[in-house]
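The values are calculated or read from the model by the stated rules, or taken from the named source; none is laboratory data. Here the structure is a predicted model, which is why all the values come from computation and not from measurement. Don't worry about glycine lacking a Cβ; one is built from the backbone with ideal geometry, like all the others, and counts go over all protein chains shown. Only protein heavy atoms, including side chains, enter the accessible area calculation; ligands, DNA and RNA are left aside. Shrake-Rupley method; radii C 1.70, N 1.55, O 1.52, S 1.80 Å.
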Amino acid sequence: DAGITQSPRHKVTETGTPVTLRCHQTENHRYMYWYRQDPGHGLRLIHYSYGVKDTDKGEVSDGYSVSRSKTEDFLLTLESATSSQTSVYFCATESGTSTETQYFGPGTRLLVL
Amino acid sequence: EDQVTQSPEALRLQEGESSSLNCSYTVSGLRGLFWYRQDPGKGPEFLFTLYSAGEEKEKERLKATLTKKESFLHITAPKPEDSATYLCAVQALTGFQKLVFGTGTRLLVSP
């Protein structure tokens, strides 16, 4: 448990609306990740960050953007939500020292109508 | 392309009935193989990391093993509280340290 919180925990929104999900960590971990989890697909990486203001795309980044202005916060924005973005979103962090273990937050369940 | 396949998709056991979950992987050089446990409505919880073939790790009733092509999660004398989805993931040596996940095995242990 790396002291990770995600907000909101549940959200219902309408197609075309922008949505921002927040991940907050208290462990001063260097790396942060956003995944989505869908039935039959497992966890897939959306974006990741390797430091403040340093971010890069994962395998399913279309329609998503991220920002990291502080070590502890990593924001995921759905620029214009679509029904295909209905999913459970997980944030993960990794210390960046000797261990490569990623620790996950509790998740945000997003429904796009 | 790095890939992880887990089997079976679902497994139902009686309390005390030992079994194994399989994780087959292909990766361009293995940095590490990770096992997580996920309870319904919660985030994955880290269990083990394995780095090289022949390595084994244990935690309570769980033991993870690794070969060059697959990993097994052995569950000895399971209890109902072991019911969860178990996820396997690999991390490649090259490129950024992203995890590639399998779709998981849903384990149900009945009393």
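General observations
- Contact order for segment A:4-112, expressed relative to its length and based on alpha carbon pairs under 8 Å spaced 6+ residues apart, stands at 36 percent.
- Links that overshoot a 24 Å alpha carbon limit, given the list A:K70/B:K59; B:K42/B:K79; B:K42/B:K98; B:K69/B:K98: A:K70/B:K59
- For the pair A:S67 and B:K63, label points projected 7 Å from Cα toward Cβ lie 5.2 nm apart.
- DSSP-assigned coil residues among GluC sites (Glu not before Pro) in segment A:36-105, each with at most 15 further Cβ atoms within 10 Å: A:E59, A:E79
- Along chain B, longest interval not containing exposed GluC sites (Glu not before Pro), exposed being DSSP loop plus at most 11 other Cβ atoms within 10 Å: B:61-111
- Per residue, in Å², the accessible surface of segment A:53-113 once ligands and nucleic acids are set aside, probe 1.4 Å: 44 Å²
- Working from Cα pairs under 8 Å separated by at least six residues, relative contact order for chain B is 37 percent.
- Charge sum, other residues only, whose C-beta stays under 10 Å from B:L108's C-beta, Lys/Arg counted +1 and Asp/Glu -1: +1
- DSSP loop trypsin sites (Lys or Arg not before Pro) with at most 15 other Cβ within 10 Å: longest gap in chain B: B:70-111
- Protein accessible area in the protein assembly as shown, 1.4 Å probe - carbon and sulfur %: 48 percent
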